[in-house]
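Novice: Let me begin by handing over the structure; questions about it come next.
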């Protein structure tokens, strides 16, 4: 895969619960992490004493974080609503030359900051809250 422009990694939020996805306002930096817990099934009979893992077992999860500036009141308001109401709406994550990951996420952190002579900024953290779909690009 060739180098990609970081601004092309997008986090989109379903604004109305009906599949109207909008890019989260003003994100400047984003990070996506996929995880899978392993289930160790090593026994005294494991060949050569090597650890054995149970294929397809364990918990899969994804986490997303982003930081940026306020730019769009609709997505900012929706992200706040999702956090305070404890909702798990659908999000889409577009990863250039990789694919689109979509499914329910919970906003686990929402931080706001600002300085006297600068813009207001925020940071957003999401945790997967159900099965995710992947479509290769």
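None of the figures in this text is laboratory data; all of them are computed from the coordinates on show. Predicted, not measured: the structure shown is a model, and the values here were computed from it. Neighbour counts run over all protein chains shown; Cβ positions are idealised from the backbone, glycine included.
Novice: In which sequence would 100, 11, 94 go, from the one with the fewest C-beta neighbours within 10 Å to the one with the most?
Specialist: Fewest to most other Cβ atoms nearby, the residues stand as 100, 94, 11.
Novice: Another question about this same structure. Evaluate the distance, in nm, between pseudo-label points positioned 7 Å from the Cα of residue 121 and of residue 38 along their respective Cα→Cβ axes.
Specialist: Spacing of the two 7 Å Cα→Cβ label points: 3.7 nm.
Novice: Residue separation times 0.36 nm, minus the C-alpha to C-alpha distance between residue 73 and residue 45: what's the value?
Specialist: So the chain would gain 4.0 nm between residue 73 and residue 45.
Novice: Separate question: Could you work out which residue, out of 92, 106, 81, moves most in a Gaussian network model of the chain, that is, has the largest mean-square fluctuation with Cα springs under 10 Å?
Specialist: 81
Novice: With r as the distance between the Cβ atoms of residue 61 and residue 28 and R0 = 22 Å, compute the FRET efficiency 1/(1 + (r/R0)^6) and round to 0.05.
Specialist: 0.35
Novice: Which of 44, 126 has the fewest other C-beta atoms within 10 Å, and how do the rest follow up to the most?
Specialist: Fewest-to-most ranking of 44, 126: 44, 126.
Novice: Next question, about the same structure. Between residue 84 and residue 137, what is the label-point separation in nm under the 7 Å Cα-to-beta-carbon projection?
Specialist: 3.4 nm
Novice: Considering only C-alpha atoms, what is the centroid distance from the range 1-77 to the range 81-137, in Å?
Specialist: Cα centroid to Cα centroid, the span is 9 Å.
Novice: For 65, 73, 38, 128, which order do you get if you count the other beta carbons within 10 Å of each Cβ and list the fewest first?
Specialist: Ordered from fewest to most neighbouring Cβ atoms within 10 Å, 65, 73, 38, 128 come out as 73, 38, 65, 128.
Novice: Can you tell me the 0 to 90 degree angle between the C-alpha axis of helix 73-85 and the longest principal axis of the chain, rounded to 10?
Specialist: 50 degrees
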